[in-house]
Amino acid sequence: MHTVARGDQLQLIFELYSATIQQLTDPDEDPDGPRLTITPVAGGDPVYSDVPAARHLAVGKYAFVVGLTDDESVLPDGEYVAEITNASKAGVDLVDATGQPPTSHFVLLDAALAVAPDRFYMEPIDLSRTWNVDPVPTEAEVRAAQFQLDAWMHRSLWPTVYAPPPFRLRGSNVFTLPHKPLIKLLTLEGGYIPGRRHQRWVDPVGDPSFLGLRGWTPIPLEQAQVTLGSGHVWIPSGTLGGVFTQVRTSYLAGYTAIDRDATLAVAQTVAWQRFKGFSDLERFSSGQVSREMGKSLVPSSAMDICEKWRVKAYR
């Protein structure tokens with residue numbers, strides 16, 4: 001899910017398919033259609049509606065450009081969904097390539113937080129001057145090194161939107177997000193899954209799913225209590241006072257300024273990949289494989305530096 005800064009332009013491209021013949025198709029409403037509607041995922045009235053396409057790129061392919069207001073009272077931070085309307089063929093609504101209604105989700109943030117996750121931790125020229133990387137690394141070298149570090153840490157250090165699989169709650173109202181520090185919750189929903197048969201039989205009221213309470217229930221963000229540094233989140237109980245058995249959320253986590261140690265790890269990884277290349281490299285000494293000469297694309301020295309940021313739950 002991509003992020004967009006308030007006050008910027010939102011640019012989206014939609015491909016529209018016929019639901020019957022499964023090929024790209026212009027709607028019968030063209031040129032008046034298709035139109036775009038943008039609505040908060042949390043619910044409420046559309047913030048933009050009936051937006052015409054900016055360009056007709058090809059058959060069934062349309063580009064939309066929306067200038068987003070910088071007024072936070074009109075566009076608060078959060079997740080939004082852009083939906084295509086007024087687009088049909090022979091009375092049947094057009095769909096996307098998967099056969100679903102054409103939609104696109106994005107997260108709107110304050111400009112200070114909407115940082116592309118692939119932004120350099122340090123520009124190549126500054127990396128060379130600070131850590132004596134010679135010759136000056138190319139953008140491709142720095143991006144490859146940073147990509148490998150991010151993959152090893154299971155995260156980017158820049159503010160990034162995460163939407164992990166649902167968390168299982170075992171009789172507790174507290175769960176912990178794996179990516180820290182937490183900047184803010186974006187969406188929060190609780191749900192129930194059936195307990196074991198003996199639990200439903202002995203205490204059906206204690207198991208709300210016994211009563212048919214399935215699906216997801218939105219939890220107002222203002223009711224949650226969050227510890228930003230540790231990622232601990234407390235949520236209220238659900239229907240009938242029962243503790244939710246699972247919760248799903250999307251959230252923003254990361255740093256707005258990059259630690260100097262992280263840039264050293266990038267420099268070390270650039271140097272390591274220049275020496276090692278991208279093929280397997282092993283050096284044997286007294287019958288043992290040197291730790292520094294293994295198959296990893298990240299050197300052990302950089303791993304040691306970045307261990308404090310690594311997402312442990314993903315190991």
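What follows is calculated from the coordinates using simple rules that are stated; it is not laboratory data. Keep in mind the model is a prediction, meaning the values are calculated, not measured. Please note: Cβ atoms are built from the backbone with ideal geometry, for glycine as well, and neighbour counts cover all protein chains shown.
Can you compute the label reach from HIS2? Point 7 Å from Cα along the Cβ direction, backbone N cut-off under 19 Å, restricted to segment 142-168. Within reach of a label on HIS2: 156, 158-163.
Solvent-free Debye calculation, one equal scatterer per alpha-carbon of segment 2-109: log10 I(q)/I(0) at 0.11, 0.12, 0.13, 0.16 Å⁻¹ equals -0.34, -0.40, -0.47, -0.68.
Note on GLU222 and ASP93: with the Förster distance fixed at 35 Å, the Cβ-Cβ geometry gives a FRET efficiency of about 0.45.
Taken over the alpha carbons of segment 67-197 as equal point scatterers, the Debye sum produces base-10 log I(q)/I(0) values at 0.11, 0.15, 0.19 Å⁻¹ of -0.71, -1.04, -1.18. Annotation for VAL59 and ASP32: the two label points, set 7 Å from Cα along the Cα-Cβ direction, are 2.5 nm apart. Cross-link partners for LYS61 among the lysines, with Cα-Cα distance under 29 Å and sequence neighbours closer than 8 places in the same chain left out: LYS89. The mean sequence distance of close C-alpha pairs (under 8 Å, at least 6 residues apart), as a share of the length of segment 2-109, puts its relative contact order at 39 percent. 3J(HN,Hα) along segment 159-171, derived from phi through the Karplus expression 6.51 cos²θ - 1.76 cosθ + 1.60 where θ = phi - 60°, amounts to x, 9, 8, 10, 9, x, x, x, 8, 7, 10, 10, x Hz, with x in place of Gly and Pro. Only lysines eight or more places from LYS312 in sequence, or on another chain, were considered; those with a Cα closer than 20 Å are LYS180. Note on LYS276: lysines with a C-alpha under 16 Å away, same-chain residues under 8 apart excluded, are LYS295. In a fully extended conformation the segment linking SER230 and ILE193 would gain 10.6 nm over its present Cα-Cα distance, using 0.36 nm per residue. The packing ranking, built from the mean of other Cβ atoms within 10 Å per residue, places the peptides 182-191, 132-141 in the order 182-191, 132-141, highest first.
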